[in-house]
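To start, the structure itself, in structure tokens.
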Amino acid sequence: MNLSSISLFRNLRLDRGRRQFAVIGLGRFGRAVSQTLHHLGYEVLGIDADERKVNNLLTDEIASHALQLDSTDPTALREAGITDFDTVIVAIGNYVQESVITTLNIKEAGVPHVVAKASSEIHCKLLKKVGADHVVFPEHEMGCVLARSLTRPGILDRFELDPDNSIVEVVVPAEFDDRTVMELELRKHYGLTLLAVAKEDKFEINPSPVLRLKKGWIMVVIGSNRGIEQLPV
Ligand code: ATP
């Protein structure tokens, strides 16, 4: 996650009272975003150039409001009240030009938080150049997650701090069975710090050095991706 994305999420946390989102582009991705926000209780305006998609959104009750308009037209966006929205999601992946122009229009209109969907590396770069605060590339990101989970099935979840360091949730491997935290010397052997251990559902944060681990428990570690890759999971 880059610095502008971090400041976006920090500001969203501070602005929790604001509950209005606009989603532009109602393909599968845009509908999923709209549906989830709406079901979480937020006000959502869905926008698409395709009248059928706008109507479907209202019929399926997955947005509070929906409008048909061409988002490359700055006047149409202003008339739709886009500047009243604190966060706008541009979910137009397959039409690069429309997606970039829409993002530019919204940033120029002064919307503080714009999240845009990219469909390629170059699309991602263009969106950042025109001011997107956060760019998602779902096909690429899901592909990476799938490849990782297929090759390292012991890694259950991963939070990437930066390109080199992560926090991961891993299944305690057979090699660590019946050994204490102290005996494992994770910092010395892998450069990793143990943050928590879970037996069944309950996590023990900052576990005692004398805690004896069991194969199949879950542990959460922080450290370099290189160290994580060396874990026997
Ligand atoms: P998926 O359906 O796989 O999620 P996607 O999110 O990449 O794909 P696209 O195929 O890019 O979706 O289309 C998203 C939506 O954006 C479409 O419904 C399309 O009608 C809409 N759209 C494209 N250009 C504009 C525009 N200029 N103004 C408003 N809506 C637009």
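The values are calculated or read from the model by the stated rules, or taken from the named source; none is laboratory data. Computed from a predicted model, the values in this text were never measured in an experiment. A quick note on method: Cβ atoms are made from the backbone with ideal geometry, for glycine too, and the neighbour counts reach across all protein chains shown. Areas reflect the complete protein model, heavy atoms only, side chains present, ligands, DNA and RNA absent. Shrake-Rupley method; radii C 1.70, N 1.55, O 1.52, S 1.80 Å.
Odds and ends about this structure:
- Subset of the stretch 111-122 (residues that are crowded, with 21+ Cβ neighbours inside 10 Å and farther than 12 Å from residue 82 by Cα): 115, 116, 117, 118
- Filter result for residue 137 (more than 12 Å from the ligand (Cβ to nearest atom) and of a type in the set (Phe, Trp, Tyr)): no
- Selection over the stretch 98-110 of residues that are more than 9 Å from the ligand (Cβ to nearest atom) and either modelled with pLDDT under 95 or open to solvent by 10 Å² or more (accessible area, probe 1.4 Å) (or both) gives a count of 7.
- Taken over the stretch 146-185, the criterion of being open to solvent by 80 Å² or more (accessible area, probe 1.4 Å) and of a type in the set (Val, Ile, Thr) is satisfied by 151 alone.
- Taken over the stretch 186-205, the residue count meeting the criterion of being surrounded by 11 or more Cβ atoms within 10 Å (Cβ to Cβ) and on the phi > 0 side of the Ramachandran plot is 1.
- Hits in the stretch 70-97 - residues which are touching a residue at least 40 places away in the same chain (Cβ under 8 Å) and assigned to a helix (DSSP H, G or I): 82, 84
- Residue tally, condition under 24 Å from the mean Cα position of the chain (by Cα) and among the basic types (Lys, Arg), over the stretch 52-106: 0
- Taken together, the residues in the stretch 123-138 that are assigned to a helix (DSSP H, G or I) and surrounded by 14 or more Cβ atoms within 10 Å (Cβ to Cβ) amount to 6.
- The one condition in (1) touching a residue at least 60 places away in the same chain (Cβ under 8 Å); (2) surrounded by 20 or more Cβ atoms within 10 Å (Cβ to Cβ) that residue 33 fails to fulfil: (1)
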